[in-house]
Amino acid sequence: MKRLLAYLFIVLGLGLTFNVSAEAKGDLDGFMQALEKAKNAGLTIEADTTAKQFGYKNFEEFFLHYKKDYDLGDLSLEEAKEFLLGSDNTIDIIESQINLDKLHSLIVNDKYFRKRTGYFKKKHKEKLKLLVVYMNYEKEMSKISKDPNLKKIGKFDFRFRWGPSVSGMKYSAMKDCEKSRKKYKLSGGECIIVESRRGENFTNLLKPRLKDKQNKKVVVAQKKIKVKKNASDKDAPVIKIADNFTFDGAEFTIKGNVTDNSSGKIFIKADGNDVDVINGVFSITKFSPVDTEINIIAIDEWGNTSEKLVTININKNTNTTVKKLEPLNPTLIKSNQESNKVALIIGIENYSDIPKVSYANDDAKFFFEYASTALGVSSDNIKMLIDKDATYIEINKILKKWLKSKIKPGKTDLIIFYAGHGLASKDNKELYLLPQDADPDLLSISAISRTKLFKEIETLKPKTTTFFFDACYTGSSRDDELIMADARPVRILDDVNENIPENFTIFSATKLNQIASGLKGVDHGIFSYYLMKGLEGKADANKDKDITNGELIAYLEKNVSQKAAERNREQNPDLIGDPDKILMSYR
């Protein structure tokens, strides 16, 4: 990328102005040095004002001067200014419904979006969908406020989900957006829910986002500092922090101090991210399962910068970490038992013809206790099937006879826990749970189709059904053994999660194409262990004695993904259902 592009792609953050004495007209090198200093500090500048201070009439004159000597490709003046300025800081942002509708129209009719997305394709047309984008809302609204006839907005990232209800999709859609943001290292914006759509009918879900700000001018979103080029203070801030740190776990916090000769404010960035400085003290919290480095930059109000590279060593002795894990203790939690709750628990560790699922029996046996103490199910209403009691015939008997006798239509809350093997069909369009005597080559006649299971339960008309699946569908065991000789590649289609009844909540140990892992030392599946730890109250983020689906999945995502990363695996639990629904209350 050409030099100017490198200077212009500056993360939107602090505004920066330069007050200088008169320079020779057209001080190209001086302006470029100012841009580079801003870039290295992760700051933005006021382009026209700064250009004048370096002898140009405006930023355009500087831009044309530079283009004489360097090939800048198709980068336009306005694009260059936008990269530098972010938003027009002289415009009052008007978040009227007319402007919100205008932003909605520009998003859904964007040519790049229409070309690249499957959102409008025929196969998704009649599905209820939720669209989320990652964009600088403040910047785009300022542009619309300035020009109501705006024809195009800046580039944005987009993700969408489909499902039975908008509320049930919000959490997963926002999570997808955030994951994409991290993957592509996007900054300067936020994830925003844009609309819901089925067929040609849509609802604009954009809402005012700046109403709580005292002043809606974009200028308040940018902290400004003045850098005097010929200032008397030429000493850089001093960063005081150890060169090396060693931690036993993948999540860690380091602390340091920063001092400066001047009495003004000091700004800190760590790997490009803003870090708060309070009375000269700063702290940085990160997650890394491997050794890493953190680049710390300090800048004072005169523009002087200093830099320090800190090395982080992660103790790779995972046994040390496992020993610190608390044992499961279902007696720590108490919930009122309710007669209208029923639970079916299945744990299959030892299969007749395929590799075992380590710890699955203990997962089921422990969950039996949590179903009673945490979820409030009477032991008389719990059926548990372990190993040879969980054959194809026995499971179907329970589904068709025992559940039917226990469920009262419209009144019963049903809970189903399954720890064992799962497998996708050869066309990757169906998911199966494998009974103890299943044959992976004969799934249709020896395994439980997840779709048919859902339909079977739906016909019983329980009030709600909550599933916990500690299984994956990739054909691998928790110990990395293949359960099929052909070891075919698995690319499970998202369509398998379509048409889920609205009163169903599904917690899954992994995304569709990931492997579910076991956790040595505590002898449970990673998902099952943290599921039950969450039910002990650890998932209750706001400590209000209620655990919502959203609180539980957030707790699972953080802990399961971290433990899987320590094994060099990727495992991210998933939720289908309403994140705001209360899963359990305790006392």
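All of the numbers you see were taken from the coordinates with simple rules; none came from a lab. All figures in this text were calculated on a predicted structure; none of them were measured in a lab. In this analysis, Cβ positions are derived from the backbone assuming ideal geometry, glycine residues included, and neighbour counts consider all displayed protein chains.
Where Rh denotes the Kirkwood radius from the mean inverse Cα pair distance, what is Rg over Rh for region 337-585? It would help to have the intermediate numbers written out before the result.
Details: Rg = 16.7 Å, Rh = 18.0 Å.
Rg/Rh for region 337-585 comes to 0.93.
Name the residues whose placed amide hydrogens come within less than 5 Å of the amide hydrogen of Thr548, ignoring near sequence neighbours (fewer than 5 apart) on the same chain.
Residues meeting the criterion, in which the H sits 1.01 Å from N, are Leu583.
Measure up Lys129/Lys411; Lys463/Lys558; Lys511/Lys581; Lys533/Lys581 against 24 Å on the Cα-Cα distance and list the ones that go over. Each step should come with its number before you reach the end.
Working: Lys129/Lys411 30 Å; Lys463/Lys558 30 Å; Lys511/Lys581 21 Å; Lys533/Lys581 19 Å.
With Cα atoms farther than 24 Å apart: Lys129/Lys411; Lys463/Lys558.
Through the Karplus equation 6.51 cos²θ - 1.76 cosθ + 1.60, θ set to phi - 60°, convert the phi angles of region 155-165 into ³J(HN,Hα) values in whole Hz; use x for Gly and Pro.
With the stated coefficients, region 155-165 comes to 5, 9, 8, 9, 9, 9, 10, 10, x, x, 8 Hz.
How far, in nm, would the chain grow between Lys452 and Asp353 when pulled straight, counting 0.36 nm per residue and subtracting the alpha carbon separation?
Working: separation 99, 0.36 × 99 = 35.64 nm, distance 2.39 nm.
Residue separation times 0.36 nm, minus the Cα-Cα distance, leaves 33.3 nm.
Once Lys and Arg get +1 and Asp and Glu get -1 on their Cβ, which of Thr305, Gly249, Asn261 lies farthest toward the positive end of the dipole of region 231-316?
It is Gly249.
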